[in-house]
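Below is one structure; the comments refer to it alone.
The values are calculated or read from the model by the stated rules, or taken from the named source; none is laboratory data. A quick note: this is a predicted structure, and the numbers were derived from the prediction, not measured. Cβ: placed from backbone, ideal geometry, glycine included. Neighbour counts: every protein chain shown. Accessible surface areas use protein heavy atoms only, side chains included; no ligands, DNA or RNA. Shrake-Rupley method; radii C 1.70, N 1.55, O 1.52, S 1.80 Å.
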Amino acid sequence: MNDELRELYQSVILDHSRKPRNYGELHGDDCRHVHGDNPSCGDEIDVFVRLDGDKLAEVKFTGQGCAISQASASMMTQKLKGRSRDEAGKLAGAFRGIVTGENRDTSAEDALGELQLLEGVQQFPARVKCAMLAWRALEQAVSTDVSGNVSTEES
Ligand code: ZN
């Protein structure tokens, strides 16, 4: 990562962790809620999704923890709001590829926008869990019919 990119990365992460977007809860029959827990860092994220048919009509989160976990969640809500379940799954897969460096789907990565800045966490395995926490909760929220919990210790 060059200096310019590193500065951009830091300012984007700080901005989102200090002023999280779509912060809050959603409740109702058409809403799913999954709690994500990353004990190795102490991050906790609650992801809320309101589904309208196949569409993620609203995506919100609450949580506490390190800047990467909160910024990743904040950027994720912005990126996935209004997408179909299929699109959300593809973006989640592309994001996983970027932060783990495995099974990369370069054709889908451009659509991630500033989330691509999180590629830097690849070098820090413990941070990968922080970056993925909200996404794992989101994937569970849209793939099942029940609310639940995910923990980074499970995989
Ligand atoms: Zn963390």
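Backbone phi angles across the stretch 110-127, fed through the Karplus curve with coefficients 6.51, -1.76 and 1.60 (θ = phi - 60°), yield HN-Hα couplings of 4, 5, 6, x, 5, 4, 4, 4, 6, 3, x, 5, 3, 6, 10, x, 5, 6 Hz in residue order; Gly and Pro are listed as x.
Highest GNM mean-square fluctuation among 71, 111, 134, for the chain modelled with Cα contacts below 10 Å: 111.
In the context of the full set of protein chains, the chain has a per residue accessible area of 50 Å² (1.4 Å probe). In this simple spin-label approximation, residue 114 and residue 143 carry label points 7 Å from Cα along the Cα→Cβ vector, and these lie 2.8 nm apart.
Full extension of the segment from residue 86 to residue 100, taken as 0.36 nm per residue of separation minus the current Cα-Cα distance, would add 2.9 nm. Against the chain, whose longest principal axis is taken from its Cα atoms, helix 67-80 shows a tilt of about 60°.
Expressed in units of 2.2 N^0.38 Å, where N is the residue count, the Cα radius of gyration of the chain is 0.96. Across the stretch 1-51, the mean sequence separation of Cα contacts (distance under 8 Å, 6 or more residues apart), normalised by length, yields a relative contact order of 29 percent. Taking square-rooted eigenvalues a ≥ b ≥ c of the alpha carbon gyration tensor, is the stretch 79-155 rounded, prolate or oblate, where a/c under 1.5 means rounded and, failing that, a/b exceeding b/c means prolate? Oblate, because a/c is 1.5 or more while a/b does not exceed b/c.
Placing a pseudo-label 7 Å from each Cα along the Cα-to-Cβ vector at residue 30 and residue 107 gives an inter-label distance of 3.2 nm.
Heavy-atom surface analysis with a 1.4 Å probe gives the stretch 25-155 a carbon and sulfur content of 43 percent of its accessible area. Counting only lysines at least 8 places from residue 55 when in the same chain, those with an alpha carbon closer than 18 Å to its own are 79, 81, 90. Between residue 55 and residue 2, what FRET efficiency comes out of the Förster formula 1/(1 + (r/R0)^6) with R0 = 35 Å and r the beta carbon distance, rounded to 0.05? Efficiency, rounded to the nearest 0.05: 0.40.
Given the options 30, 105, 46, state which has the largest fluctuation in a GNM of the chain using a 10 Å cut-off (strictly under) for Cα springs. Between 30, 105, 46, it is 30 that shows the largest mean-square fluctuation. For the stretch 21-28, putting each phi into the Karplus relation 6.51 cos²θ - 1.76 cosθ + 1.60 with θ = phi - 60° gives couplings of 8, 6, 8, x, 10, 10, 9, x Hz, in residue order, rounded to whole numbers and with x for Gly and Pro. Model label sites at residue 15 and residue 67, defined 7 Å from Cα along the beta-carbon direction, differ in position by 1.4 nm. Using the Karplus relation 6.51 cos²θ - 1.76 cosθ + 1.60 with θ = phi - 60°, the per-residue 3J(HN,Hα) values for the stretch 33-46 come to 9, 10, 9, x, 9, 10, x, 5, 10, x, 7, 9, 9, 10 Hz, with x marking Gly and Pro. Loop-resident GluC sites (Glu not before Pro) (DSSP state other than H, G, I, E or B) in the stretch 19-75 with no more than 15 further Cβ atoms inside 10 Å of their Cβ: 25. Note on the stretch 1-104: with charges restricted to the Cβ of Lys and Arg (+1) and Asp and Glu (-1), its dipole about the Cα centre is near 240 debye. The stretch 104-142 and the stretch 60-90 have their alpha-carbon centroids 10 Å apart. GNM, the chain, Cα, under 10 Å: largest mean-square fluctuation among 22, 103, 38? The residue that fluctuates most here is 103.
Close amide-amide hydrogen proximity is noted between residue 150 and 35, 36, 37, each under 5 Å apart and 5 or more residues distant or on a separate chain (H modeled in the peptide plane; Pro and chain starts excluded).
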